[in-house]
1. Report the calculated FRET efficiency for LYS102 and TYR160 (r = Cβ-Cβ distance, R0 = 35 Å), to the nearest 0.05.
2. Please find, in a Gaussian network model of the chain (springs between Cα atoms separated by less than 10 Å), the residue of VAL88, VAL61, VAL145 whose mean-square fluctuation is greatest.
3. For region 188-239, what relative contact order do you get, as a whole percent, if you take Cα pairs closer than 8 Å and at least 6 residues apart?
4. Filter the trypsin sites (Lys or Arg not before Pro) in region 272-352 down to the DSSP loop ones having no more than 13 other Cβ atoms within 10 Å, then list what survives.
5. Give the relative contact order (percent, whole number) for region 269-382; include only Cα pairs under 8 Å separated by 6+ residues.
6. First check a/c for region 203-348, with a ≥ b ≥ c the square roots of the eigenvalues of its C-alpha gyration tensor; if it is under 1.5, answer rounded, and if not, answer prolate when a/b is larger than b/c or oblate otherwise.
7. Pick out, in residue order, every one of the trypsin sites (Lys or Arg not before Pro) in region 71-108 that is DSSP loop and has at most 14 other C-beta atoms within 10 Å; say none if there are none.
8. Tell me, what is the FRET efficiency for SER341 and THR416 to the nearest 0.05, using R0 = 35 angstrom and their Cβ-Cβ distance as r?
Amino acid sequence: MRRYLTAGVVLAMAGGLLVGCGGGDAGGSSNEINLIMSNHPWQRAIEPLIADFEQESGVTVRVQTFAEQQMRDKVQLNLQSRSSAMDVFMALPSREGPQFAKANYYEPLDPYVSGAADYDAEDFPEAVRAGMVVDGTQIAAPINVEAVVLYYRKDLFQEYGLTPPTTLDELTSTAAAIKERSGGRVTPIALRGQSAALPFTFGPFLHSRGVAWTKEDGVTPNFDDPRAVEAIDQYATLAREYGPDGVVNNTFTQSSALMAAGNAAMMLESSNEVSSIADPKTSKVADNLGVVAFPAGAAGSRTTILSWGLAISSFSKKKDAAWKFVEWATSAQTQQKLTESGIAPPRTSVAGSEAYTASLGTDLLTEWNEVLTSAQTTGSTEVGPVGVAAPEMRKIIGDAVGLVILDRASPAEAATQIQDGLAPQLAKNEG
């Protein structure tokens, strides 16, 4: 496991590699690139700024945006066909990083980064940098940072005489109290149940109990640990007994819609969703929201830390122009502008700047920034088991936990199903 996501980027990004941009444009003359993005808060924030980049750089950016799964399909089609029609794409290294790296789909960014004198790669926290590395090679540049946090309705908590939960045990008891005291008027907690999306929010239940996805060898699943059974039991109980109807179909879009409509008292979701639930134009509860860290287990509060990145296709014929865009999009100056749209900056200098903290403006955003800053030092960057079959492994986990949510399997049966299902997928890492 550790051989896939390492902190080796520290040396590479500090300037230990070749100076200058390796693998330049084929022909070196084109100044038009094709960018593929997922429909995402970062995408919505960056797109209006691209005209500024085009004017400054002379590079034209052709943008295509898709829903997340459609984006993945489009990106994979381009890469599998070795097409030069795609130059830059949004990437989630924690999901497909090892798989794409093994197929040589990424253009290594180390030479570009080390050759960019003003880029200051060490301005990114180590955990964020490490999440962009596979087998010691930087394959993407970080564009955001997000963590699983707990949002709650301050007005309802005051009405019901409750305080935000700080431990996992309190999380369940608080959900039970909301169900009782609201008389079923409000959903106690919104959380993910959709199979492929579930591991992001389920992971902290495991990690906060001191359990990793795999054992130290990185190829043996850890779901034979009794604490993994406890994590499955608690997550499934929250979803089944205190979550919304149809929770097994829900991901962040449905949870945020419930919260913004005032139909949920708590929401366990990405810090990125603050802009979706707190926009006074679309949220009925924008003035009554609070946010706290993921509740602690025996091992503390070990939330999931995730960063999307921008990657350059190894098949691009316009790599130098592509790097210009990546460098601009992940620069401190651009990230400062993105904070105005609620994008948490992965750069330390921006996150700690007076301009940024002063711009937060509300109690909610101040709390949100404090929670996210703390999470970067205590969280786990492993959104799911690490390996070339990451998407398949997340589905195995999501499917099994989903059966428990639906009361079709016991937590112990689900843990065995996950243990047996992950083993052959993790074995592919050895190939």
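The values are calculated or read from the model by the stated rules, or taken from the named source; none is laboratory data. Everything quoted here is computed from the prediction, not taken from an experiment. Counting neighbours? That spans all protein chains shown, and the Cβs are built from the backbone with ideal geometry, glycine included. Keep in mind that these areas ignore ligands, DNA and RNA; they rest on the heavy atoms of the full protein, side chains included. Shrake-Rupley method; radii C 1.70, N 1.55, O 1.52, S 1.80 Å.
1. Values: r = 51 Å, r/R0 = 1.46.
In this case the efficiency is close to 0.10.
2. Comparing VAL88, VAL61, VAL145 in the GNM, the peak value goes to VAL61.
3. Working: 36 pairs, mean separation 19.5, N = 52.
After rounding, I find 38 percent.
4. Values: sites: LYS281, LYS284, ARG302, LYS317, LYS318, LYS319, LYS324, LYS337, ARG347; in loops: LYS281, LYS284, ARG302, LYS317, LYS318, ARG347.
Passing sites in region 272-352 are LYS281, LYS284.
5. Details: 87 pairs, mean separation 42.7, N = 114.
After rounding, I find 37 percent.
6. Details: a/c = 2.19, a/b = 1.22, b/c = 1.80.
The shape class here is oblate.
7. Values: sites: ARG72, LYS74, ARG82, ARG95, LYS102; in loops: ARG82.
Those that pass, being in a loop and sparsely packed, are ARG82.
8. Numbers: r = 45 Å, r/R0 = 1.28.
It comes to 0.20.
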